[in-house]
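Visitor: Structure provided below as structure tokens; questions to follow.
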Amino acid sequence: MNRLTASVISSALLLGAASVQAALPDEATMYKNPQCGCCDGYARHLEELGVEVKIVDDVELGDIKLQAGVPYGLGSCHTIQIGEYWIEGHVPMEAVEALFEQQPDVDGIGLAGMPIGTPGMPGPQKEPYEVYTFTDQKDSPFMTL
């Protein structure tokens, strides 16, 4: 194998590795209740991944969830706008990263309630996390973790 061929193969491998793991956006806005500490814990998890999180805690969360397209009954304690997507609740980082890798044509992803063991909710995982996608208040399965 000559030097040019090796260089082309190396470049292709590096480019392929970079495109497989899509980077998260640099900034996000979290809408939450001012007294909710678990939301702050979730924001810290995003910050550990290099995302600067702006926290807004003086808005009507129901209006934000409606604007985001979160299905009725599948909400959580906070809603995040990040890039072109919305994240509803304590969605594990594995699912958030998969959202940006796959870039599906949806409004966002969510995890209903506040399950123990998710980012911001300490404790061991007790059951599978059913992460859903949503668009215009309609949900579909995304992944089970």
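Visitor: Determine, yes or no, whether H45 is surrounded by 12 or more Cβ atoms within 10 Å (Cβ to Cβ) and at pLDDT 95 or above.
Guide: no
Visitor: A further question follows. Restricted to region 28-81, and to residues that are charged (D, E, K, R) and under 16 Å from the mean Cα position of the chain (by Cα), which residue is nearest to I109 (Cα to Cα)?
Guide: For region 28-81, the residue satisfying everything is K65.
Visitor: Restricting to region 106-128, count the residues that are farther than 19 Å from A43 by Cα, touching a residue at least 12 places away in the same chain (Cβ under 8 Å) and either out of contact with any strand residue (DSSP E or B) (no Cβ under 7 Å at 6 or more places or on another chain) or not acidic (D, E) (or both).
Guide: Within region 106-128, residues that are farther than 19 Å from A43 by Cα, touching a residue at least 12 places away in the same chain (Cβ under 8 Å) and either out of contact with any strand residue (DSSP E or B) (no Cβ under 7 Å at 6 or more places or on another chain) or not acidic (D, E) (or both) number 3.
Visitor: Tell me the strands (runs of 3 or more DSSP E) entirely within region 57-142 that contain at least 3 residues that are surrounded by 12 or more Cβ atoms within 10 Å (Cβ to Cβ) and either modelled with pLDDT under 95 or not aliphatic (A, V, I, L, M) (or both).
Guide: 78-82, 85-88, 130-135
The values are calculated or read from the model by the stated rules, or taken from the named source; none is laboratory data. Bear in mind the structure is a predicted one, so any value in this text is a computation, not a measurement. Cβ coordinates were reconstructed from backbone atoms using ideal geometry, including for glycine residues, and neighbour counts include every protein chain displayed.
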